[in-house]
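Okay, structure first, notes after.
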């Protein structure tokens, strides 16, 4: 456990470099924030707010409302949301929210239709929903990882609940997704090896070199295989309530 904790601390400091197994995800996160920033205004509801990081992006005239489960906010992120609650049953009045952020949350909800229906209820007419979900990405936060959608399934889900798609982005081309999955798998295997061997000091530089090499090659090949539609690791959709 001490070794695992040490690795997590290192990973946090190298997240913006190609030494991190999920470098492509962290790079894409910057683009995501740029794309959703125009919608972080007015009364903003952040569902699954984690550490409330979106609040820092709002202007002074906006109102931030973060909602999350007590176990997620208190135990995982050690933060306090505006509201403790359930995304399936929002304790918010009808048609009072200007914009909603639902980033990397929908896959963790056992009944996602209920959540989308609730968002449609609390949004003002023409209010925006910024929705991000993984696609080709490993199981995480088990056993609370329930769903994966193609862009077509996700679009239909939103249309079924009265939303119009304003823009849609596929995240990751073939090379980037392959590199990401390879490095996540390598990191997972390495953690197991570290747990059962005494090669901790030797393993760190070897793993770091492999991750760095795979990320750099993946980035270079990504300039050639730039089509994001075939094998993305995630999607970002901006849609509006009709």
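Report the residue count in the stretch 1-59 for those that are assigned to a helix (DSSP H, G or I), within 30 Å of residue 198 (Cβ to Cβ) and modelled with pLDDT under 95.
Qualifying residue count for the region: 12.
Please specify each residue of the stretch 29-45 satisfying the condition of being surrounded by fewer than 16 Cβ atoms within 10 Å (Cβ to Cβ) and within 13 Å of the chain's Cα centre (by Cα).
30, 31, 33
When the stretch 137-154 is examined, which residues are found to be over 19 Å from residue 180 (Cβ atoms) and touching a helix residue (DSSP H, G or I) at 6+ places or on another chain (Cβ under 8 Å)?
Listed by number, the residues that qualify are 144, 146, 147.
Conditions (1) loosely packed, with under 14 Cβ neighbours inside 10 Å; (2) farther than 20 Å from residue 140 by Cα; (3) within 26 Å of the chain's Cα centre (by Cα), marked per residue:
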| site | (1), (2), (3) |
| --- | --- |
| 184 | no, no, yes |
| 190 | no, no, yes |
| 199 | yes, yes, no |
| 206 | yes, yes, no |
| 210 | no, yes, yes |
| 219 | no, yes, yes |
| 223 | yes, yes, yes |
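Out of the residues in the stretch 231-242 meeting the condition of being touching a helix residue (DSSP H, G or I) at 6+ places or on another chain (Cβ under 6 Å) and assigned to a loop (DSSP other than H, G, I, E, B), tell me which one is surrounded by the most Cβ atoms within 10 Å (Cβ to Cβ).
Among those that are touching a helix residue (DSSP H, G or I) at 6+ places or on another chain (Cβ under 6 Å) and assigned to a loop (DSSP other than H, G, I, E, B), it is 233.
Here is a yes/no grid of residues against (1) more than 28 Å from residue 221 (Cβ to Cβ); (2) in contact with a strand residue (DSSP E or B) (Cβ under 7 Å, 6 or more places away or on another chain); (3) in a strand (DSSP E or B):
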| position | (1), (2), (3) |
| --- | --- |
| 107 | no, yes, no |
| 116 | yes, no, no |
| 125 | yes, yes, yes |
| 131 | yes, yes, yes |
| 138 | no, no, no |
| 154 | no, yes, no |
| 157 | yes, no, no |
| 169 | no, yes, yes |
| 179 | no, no, no |
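Quick one: is residue 73 buried (at least 19 other Cβ atoms within 10 Å of the Cβ) and not in a strand (DSSP E or B)?
yes
Is there any pair with a first residue in the stretch 196-225 that is part of a helix (DSSP H, G or I) and a second that is loosely packed, with under 14 Cβ neighbours inside 10 Å and modelled with pLDDT under 95 whose Cβ atoms are under 7 Å apart and which are 6 or more apart or on different chains, and what are they?
Final answer for the pair search is 200/3; 203/193.
The values are calculated or read from the model by the stated rules, or taken from the named source; none is laboratory data. Keep in mind it's a predicted model, so treat the numbers as computed, not measured. Reconstructed Cβ throughout: ideal geometry from the backbone, glycine too, with neighbour counts over all protein chains shown.
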